Amino acid sequence: MLIFSKKDALQQHLQQYRPAQNTIGFVPTMGALHSGHLSLMRQSLLQNAVTVVSIFVNPTQFNNPDDLLKYPRTLEADAAKIATLDEGIVVFAPEVDEMYDGNTTSAHYDFDGLEYQMEGAHRPGHFDGVGTIVKKLFDIVQPTNAYFGEKDFQQLQIVKKLVEKNNMPINIIGCPISREPNGLAMSSRNERLKPTEREAAALIYKTLQGAREQFKTGSIAQVKGYVTAALATHPEFTTEYFEIAPEDTLEPATVKENRKYRAFIAVFLGNVRLIDNISLN
Ligand code: PAF
């Protein structure tokens with residue numbers, strides 16, 4: 001399996017695919033790979049001549065320095081997981097300087113307000129960091145198709161906006177959330193949960209499923225009341241937000257209209273922050 005750490009070498013390698021109609025699939029990651037990431041790669045392998053996976057812990061999207069410090073860096077294990085899927089996958093694992101050239105700061109992006117909701121409100125600067133690195137990676141890889149998990153649904157919508165605003169000819173493909181057997185959305189943060197917390201975390205998806213049921217007949221206020229009550233039965237959870245929002249604007253809704261809605265949640269379990277979401281209609 002080819003692992004590149006330099007952008008020029010990666011670009012040179014990818015040249016062979018560009019002249020013909022050979023599609024390049026791209027799965028950007030921060031490593032600590034789990035089956036959710038592997039499912040994005042599987043999707044890309046099915047749809048493209050070559051798949052590129054980037055592994056880069058992006059410093060500018062961490063608003064909490066401790067989180068950045070603790071983020072697992074497991075390149076060898078990640079490469080082994082990718083190799084079991086397909087030896088032909090090309091890995092791009094640069095150092096920070098290769099991506100930021102000594103200037104580890106974000107550009108400022110206008111994502112038409114998507115950036116101010118939910119994760120944006122609770123993690124200042126996060127989406128500028130995401131926009132900055134995804135734009136840099138897209139400029140290097142120039143993929144035909146890029147794959148993002150719906151677990152970070154807000155990020156997915158923001159990346160679609162980034163591509164639209166910069167006229168980049170890239171299809172952004174959202175892929176369904178991969179879940180552990182108890183329903184917990186897969187995330188590299190799950191590794192930081194104690195075994196009892198990991199079991200208790202099943203409540204998040206169970207509550208979202210309950211919210212979807214309630215949404216069929218209840219008002220938004222009623223659904224919110226249901227979620228608050230469901231989580232209050234388990235004092236180990238601290239809810240940061242629960243919102244119902246249309247998928248296109250992500251602006252928290254107070255009344256139902258004829259639009260496509262999703263419910264979004266962020267909770268702390270111990271000191272681990274977990275997010276999840278579910279389509280409501
Ligand atoms: O979702 C992630 O892992 C990251 O936000 C991404 C898209 C790889 C950018 O660093």
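Readers should treat all values here as calculations from the given coordinates under stated rules, not as data from a laboratory. Quantities reported herein were computed from a predicted structural model and do not represent experimental measurements. We place every Cβ from the backbone using ideal geometry, glycine too, and count neighbours over all the protein chains shown.
Spin-label model, residue 239 to residue 279: label points 7 Å out along the Cα-to-beta-carbon direction sit 2.4 nm apart. A Förster radius of 35 Å combined with the Cβ-Cβ distance from residue 20 to residue 95 puts the calculated FRET efficiency at roughly 0.65. Between helix 126-141 and the chain there is an angle of about 30 degrees, using the helix long axis and the longest principal axis of the Cα atoms. The value of relative contact order for the chain, using C-alpha pairs under 8 Å at least six residues apart, is 17 percent. For the chain, the fraction of C-alpha pairs farther apart than 27 angstrom is 41 percent.
Against the chain, whose longest principal axis comes from its Cα atoms, helix 75-85 is set at around 90 degrees. For a paramagnetic label modelled on residue 75 (point 7 Å from Cα along Cα→Cβ), amide N atoms under 14 Å away belong, within region 37-65, to 54-58.
Note on residue 179 and residue 202: their simple-model spin labels are 1.2 nm apart, each label 7 Å out from Cα toward Cβ. Think of each Lys and Arg Cβ as +1 and each Asp and Glu Cβ as -1; about the Cα centre, that makes the dipole of the chain roughly 600 debye. Per-residue ellipticity at 222 nm computed for the chain from its helices equals -12000 deg cm²/dmol, with DSSP H segments shorter than 4 residues left out and the rest contributing -39,500 (n - 2.57).
Axis of helix 202-217 versus longest Cα principal axis of the chain: the two differ by about 60°, to the nearest ten degrees.
Applying the Karplus relation 6.51 cos²θ - 1.76 cosθ + 1.60 with θ = phi - 60° to region 157-171 yields 3J(HN,Hα) values of 5, 5, 5, 4, 5, 4, 5, 5, 5, 9, 6, 8, x, 10, 7 Hz, where x marks Gly and Pro.
How about region 1-108: which trypsin sites (Lys or Arg not before Pro) there are in a DSSP loop, with at most 15 other Cβ atoms within 10 Å of their Cβ? Please list the in-between numbers first.
Working: sites: 6, 7, 42, 70, 73, 81; in loops: 6, 73.
Listed in order of number, the matching sites are 6, 73.
Amide H to amide H distances under 5 Å link residue 53 with 27, 90, 91, 92, where only residues 5 or more positions off or on other chains count and H is placed in the peptide plane. For residue 262, the residues whose amide H sits under 5 Å from its own are 245, 247, 280, ignoring neighbours fewer than 5 places away on the same chain, with H placed 1.01 Å from N.
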